[in-house]
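Throughout, read-outs are computed from the coordinates displayed, never taken from laboratory work. On a predicted model such as this, the values are computed, not experimentally measured, just so you know. Every residue, glycine as well, gets a Cβ built from its backbone with ideal geometry; the counts of neighbours run over all protein chains shown.
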Amino acid sequence: MKGVDFPIFNTKVPGVDEKFNLNNPDERKKYFEAKAGPEIGKLKKYLEKNTFLAFLLGKKNSGKGTYSKLFMEAIGEDLVGHVSVGDIVRDVHGAIETGSGKNELKEFLKQHYRGFHSLEEIEASIMGRDTKSLISSELVVALLEYEISKRPKKAIFIDGFPRALDQIGYSLMLKQVLGYRDDPDFLVFISVPETVIDARIRARVICPICKVPRSPKLAPTAFVGQDEKTSEFYLMCDNPGCNKARMVAKEGDELGIEPIRERLELDDKIFNQLLNLKGLPQVKLRNSIPADKAREYIDKYEVTPMYSYKKGADGKIEIIEEPWLVPDDSGAESVSLLPAPVALSFIKQTAEVLGL
């Protein structure tokens with residue numbers, strides 16, 4: 001976020017010298033246990049009888065879903081849930097469209113929705129929505145309550161709320177609005193340079209079959225090919241069911257962040273306004289650190305690498321890996337962290353704000 005400079009989190013742990021492959025789930029498990037074993041144990045014990053409510057705050061494509069899912073991977077998906085407002089609205093849209101669960105939703109809204117629209121108007125709002133319009137804040141709160149009611153024994157990460165300035169007040173009082181939960185709540189701020197978000201979007205490719213996104217520059221698959229006509233290197237999906245399908249760029253991604261510039265500026269306003277809030281604990285995560293401080297604070301394998309390719313004399317494609325250096329929002333040369341070390345900071349800070 002522009003103008004935001006969070007403290008640098010030190011991921012180095014005395015006595016932990018092993019190098020972990022952070023793209024491998026089994027290796028990540030060992031990594032989290034080695035570097036945050038005590039905090040993971042305390043959080044698991046806490047969540048056996050308690051829950052919490054946390055708001056994930058950051059720009060679009062800042063990694064809110066990724067970091068919370070890694071937190072859940074380390075702590076246990078049976079104890080922690082991730083609730084995305086965007087996913088809720090899409091699910092409700094599908095329920096209305098297919099009729100599956102439509103009556104259950106209507107009954108819940110009759111009991112819990114407080115606002116200025118009839119159920120018929122709500123349905124029309126959801127079915128007629130587009131990516132540029134927002135449904136009313138009152139309805140968002142009711143839909144959040146509906147989704148969270150399905151998992152009363154889980155700690156919850158809320159992703160995508162508040163998304164408008166008028167929703168900030170609702171978020172501050174959401175614990176009281178939900179009523180039946182008496183959880184500690186806190187804010188999770190995620191700071192990612194716009195250059196990182198822009199590069200992630202521009203370099204993204206997706207599998208035409210399973211739709212999983214990857215990146216030739218930042219997150220290659222196990223299989224790389226080369227186009228005979230253009231000599232361009234490309235990724236092939238490594239999902240066994242996709243039969244090495246050639247991954248392709250998503251239309252519009254070549255524009256980077258420009259199509260979402262207005263949204264990013266609004267995210268900045270909400271982010272900075274909530275940073276000044278008193279009385280609510282804060283977790284502060286940063287994706288990048290100055291390159292000249294990297295060796296002091298992090299292990300080399302925790303840095304996001306950049307990949308390039310060349311074909312050897314034997315015809316095999318060689319993957320070349322080197323540190324990815326990017327300017328942060330102040331222009332300082334920085335390294336971007338892989339998701340796991342950011343999630344490590346997330347785990348340790350959450351244990352701290354809960355007083356464990």
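Straight-line cross-link partners of Lys310 among the aspartates and glutamates, defined as a Cα under 12 Å from its Cα and at least 8 positions apart when in the same chain: Glu232, Glu318, Glu321. Out of Gly279, Gly86, Gly256, any idea which swings most in a Gaussian network model of the chain, alpha carbons joined below 10 Å? Sorting by GNM fluctuation, first place goes to Gly279. Applying 0.36 nm per residue to the separation of Glu333 and Gln111 and subtracting their alpha-carbon distance, the gain on full extension is 74.6 nm. Between Lys150 and Asn272, residue separation times 0.36 nm minus the direct Cα-Cα distance comes to 40.7 nm. Between Asn243 and Glu104, the C-beta separation translates, for a Förster distance of 51 Å, into a calculated FRET efficiency of about 0.85. Neighbour counts of C-beta atoms inside 10 Å place His82, His117 in the sequence His117, His82, starting with the fewest. Each of Asp227 and Thr66 was given a label point 7 Å from its Cα along the Cα-to-Cβ line. The distance between the two points is 2.5 nm.
For the chain, modelled as a GNM whose springs connect Cα atoms under 10 angstrom apart, the maximal fluctuation among Val140, Val248, Val212 occurs at Val212.
Structure shown: which of Lys64/Lys250; Lys30/Lys154; Lys19/Lys211 lie over 27 Å apart, alpha-carbon to alpha-carbon? From the list (Lys64/Lys250; Lys30/Lys154; Lys19/Lys211), the Cα-Cα distance tops 27 Å for Lys19/Lys211.
For Lys311 and Glu121, a Förster radius of 45 Å and the Cβ-Cβ distance give a FRET efficiency of 0.15, rounded to the nearest 0.05. Given +1 at the Cβ of Lys and Arg, -1 at the Cβ of Asp and Glu and no other charges, the dipole of the chain around its Cα centre is 540 debye to the nearest 20.
Against the chain, whose longest principal axis comes from its Cα atoms, helix 137-148 is set at around 80 degrees.
Our estimate of slack between Glu265 and Ile209, defined as 0.36 nm per intervening residue step minus the Cα-Cα distance, is 16.8 nm.
Taking every DSSP bridge with both residues inside the chain, close to 55 percent are antiparallel. Beyond 12 Å, how much of the Cα-Cα pair distribution for region 205-249 remains, as a whole percent? In whole percent, the share of Cα-Cα pairs in region 205-249 beyond 12 Å is 53. Within region 339-356, what residues put their amide N at less than 20 Å from the label point 7 Å along the Cα-to-Cβ vector of Lys42? Backbone N within reach: 341-356. Counting Lys and Arg as +1 and Asp and Glu as -1 over every other residue whose Cβ lies under 15 Å from the Cβ of Leu356, the net charge comes to +1.
Among Ala34, Ala343, Ala54, the residue with the largest mean-square fluctuation in a Gaussian network model of the chain, with springs joining Cα atoms closer than 10 Å, is Ala34.
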